[in-house]
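Engineer: One structure, as structure tokens, below. Some questions next.
We did not get these values from a lab; they are worked out from the coordinates using the rules stated. Predicted model only: the values in this text are computed from it and were never measured. Neighbour counts are summed over all protein chains in view; Cβ atoms, including those assigned to glycine, are modelled from backbone coordinates with ideal geometry.
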Amino acid sequence: MISKRARQLSPSETLRISAKAKELARRGESIISLSAGEPDFKTPDHICRAAIRAIDEGFHGYTMNAGTPELREAISEKLKRDNGLEVSPERIVVSNGAKQSIGFTLLATVDPGDEVLIPSPYWVSYPEMVKLADGKPVPVKTSLENHYKLTPELLDEKLTSKTRALILCSPSNPTGTRYSNEELKQLAEVLRNYPDLLILSDEIYEYIVFDGEHAGILQAAPDLADRTVLVNGFSKGFAMTGWRLGYAAGPEEVISALAKIQSQETSAPSSISQKAGEAAYRGPLDPVHAMREQFKKRRDFIVDAIKEIPGLNCFTPSGAFYLFPDCSRYLDSTSPSGKSIRTSTDLCLYLLDEYGVAAVPGDAFGEPNGFRISYAASMEQLEEAARRLKEGFSRLSKSH
Ligand SMILES: Cc1ncc(COP(=O)(O)O)c(C=O)c1O
């Protein structure tokens, strides 16, 4: 009864760990969750008030399928203001989160068997969304030494006549790494040799950048605009995960195919959320900057704490709210109770079961030697988590 398409999808490892963490917490255990992919802040007040006003004023109906003209105008102006990009509102479709924008872009552009390059470690949903579009996800393994960034050489090696698209994510989930303008320029040089290739640039963590300025492929290589879809959204920068609001901006042909799919699958996102999104982009960015400052303090704390644990290896990420330490030295060890730790999943289950710290195994992100820590948690929680992690790792002994 279940389709091949549904059967080939992998269940989410992230959800497995967080379901277990929730179950342990429900039973009264002291659990610190560092597995969340969402800011632990409240959506700024002026944005909430715009949504309340929308309800009070009866803005309840369906909106235009691609999003309200006002929100698309606000996005167009934001792209000019923050990114120096000229994108007319007709080349923008607003969706139920960046996730939907990415999924529909892939459905609109990938044919059965087409390959989609995904630098790994990657956000868990990319390969699964490629599979849903009947495409073939092709992970491109990157290295810790190069801060998990795709290089022109790695890119060139993996490009074939079957490659349909490349997904870039900067700042990155799960590593917090970020490309500079110069690095993107170098990638663009390779991309110019493949004129039929689509570039999907996921910039959802744009506002959570600590050192330097956010750079996107379109700033580095404006000539790629006719085949680049820029995806962004409100979830991370404005702490609006539950509002479900994101968008795709790109070439007219792709955007209208995406809009056609959206018109048959979901229609536009909630009218109330769209009013909130408009307020987010037209209003002050001070709350966004204040959240970023909090994330920066937490990052500095957790990076120092992790670096103090012998054998864990990480760099200081310059964006998003994740840290992705390499834990390979611990992947052949035994816990005090005799549990064998062979994979990052074993390790994360040990940390959760014995120390009540929930992190996400790197297996889920295509990099079995690491694990993801989200520092979207309070300083108190991070301090306690750091103490527990230190102890947890110190109790592991090498197998044999
Ligand atoms: C890299 C990346 N892209 C997209 C999304 C989806 O965001 P949204 O809430 O807008 O669907 C996430 C959420 O975790 C993400 O980490």
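Engineer: Taking other Cβ within 10 Å of each residue's Cβ, how do Glu115, Glu252, Glu128 sort, fewest first?
Structural biologist: By the 10 Å Cβ count, ascending, the order reads Glu252, Glu128, Glu115.
Engineer: Still on this structure: Taking every DSSP beta bridge with both residues inside the chain, roughly what % is antiparallel (nearest 5)?
Structural biologist: Roughly 50 percent of the beta bridges in the chain run antiparallel, per DSSP.
Engineer: Same structure, new question: For region 32-90, just say rounded, prolate or oblate: build the C-alpha gyration tensor, square-root its eigenvalues into a ≥ b ≥ c, call rounded for a/c under 1.5, and beyond that prolate if a/b exceeds b/c, oblate if not.
Structural biologist: Oblate.
Engineer: Take the Cα atoms of region 329-375, build their convex hull, and give its volume per residue in Å³.
Structural biologist: Each residue corresponds to 68 Å³ of Cα convex hull volume.
Engineer: Compute the acute angle (0 to 90°) between the alpha-carbon long axis of helix 344-355 and the principal axis of greatest extent of the alpha-carbon atoms of the chain; round to the nearest 10°.
Structural biologist: The angle comes out at about 70 degrees.
Engineer: I'd like the distance separating the alpha-carbon centroids of region 231-281 and region 72-99, in whole Å.
Structural biologist: Each part's Cα centre sits 9 Å from the other's.
Engineer: Sort region 1-127 into rounded, prolate or oblate with this rule: let a ≥ b ≥ c be the square roots of the eigenvalues of the Cα gyration tensor; rounded if a/c is under 1.5, and if a/c is not under 1.5, prolate when a/b is larger than b/c, oblate otherwise.
Structural biologist: Cα axes put region 1-127 in the oblate bin.
Engineer: Sticking with this one: In deg cm²/dmol, rounded to 500, what helix-only [θ] at 222 nm does the chain give when every DSSP H run of at least 4 residues adds -39500 (n - 2.57) and the total is split over its residues?
Structural biologist: Here the helix-only value at 222 nm equals -12500 deg cm²/dmol.
Engineer: With 10 angstrom as the radius, rank Arg329, Arg72 by how many other C-beta atoms surround their C-beta, starting from the fewest.
Structural biologist: Ordered from fewest to most neighbouring Cβ atoms within 10 Å, Arg329, Arg72 come out as Arg329, Arg72.
Engineer: What GluC sites (Glu not before Pro) in region 1-87 are in a loop by DSSP, with at most 16 other Cβ atoms within 10 Å of the Cβ?
Structural biologist: When the GluC sites (Glu not before Pro) of region 1-87 are filtered for loop state and at most 16 Cβ neighbours within 10 Å, Glu29, Glu57, Glu86 remain.
Engineer: Can you give me the C-alpha center-to-center distance between region 327-396 and region 148-216, rounded to a whole angstrom?
Structural biologist: 29 Å
Engineer: Turning to a different aspect of this structure: Take every DSSP beta bridge with both residues inside region 171-280 and express the antiparallel ones as a percent of the total, to the nearest 5.
Structural biologist: Rounded to the nearest five, the antiparallel share is 50 percent.
Engineer: With N set to the residue count of region 61-282, report its C-alpha Rg divided by 2.2 N^0.38 Å to two decimal places. List each step's numbers first, then the result.
Structural biologist: Numbers: Rg = 16.3 Å, N = 222, 2.2 N^0.38 = 17.1 Å.
That ratio works out to 0.95.
Engineer: Continuing with the same structure: The chain: percent of C-alpha pairs farther apart than 40 Å?
Structural biologist: Considering the chain, 15 percent of its Cα-Cα pairs are separated by more than 40 Å.
Engineer: So which lysines pass the test for Lys80, namely a Cα distance under 24 Å, with those fewer than 8 places away in the same chain ruled out?
Structural biologist: Correct list for Lys80: Lys99, Lys185, Lys236, Lys275.
Engineer: Where does helix 181-191 land angle-wise versus the long Cα axis of the chain, in degrees 0 to 90, nearest 10?
Structural biologist: 70 degrees
Engineer: Hey, another quick one. Out of the GluC sites (Glu not before Pro) in region 176-247, which ones are loop residues according to DSSP with at most 16 other C-beta atoms within 10 Å? Intermediate values should be presented prior to the final figure.
Structural biologist: Details: sites: Glu182, Glu183, Glu189, Glu203, Glu206, Glu213; in loops: Glu203, Glu206, Glu213.
Qualifying residues, ordered by number: Glu213.
Engineer: Largest first and to the nearest Å, give the Cα extent of region 176-295 along each principal axis.
Structural biologist: On the principal axes, region 176-295 reaches 43, 42, 22 Å in Cα extent.
Engineer: In nm², what is the average projected area of the convex hull enclosing the Cα atoms of region 258-315?
Structural biologist: If I average the Cα hull's projected area over directions, I get 7.4 nm².
Engineer: Does anyone have the angle between helix 97-109 and the longest principal axis of the chain? Alpha-carbon axes, 0 to 90°, nearest 10?
Structural biologist: Roughly 70 degrees between the two axes.
Engineer: To one decimal place, what Kirkwood hydrodynamic radius in Å is obtained for region 224-365 from all pairs of distinct Cα atoms?
Structural biologist: 19.1 Å
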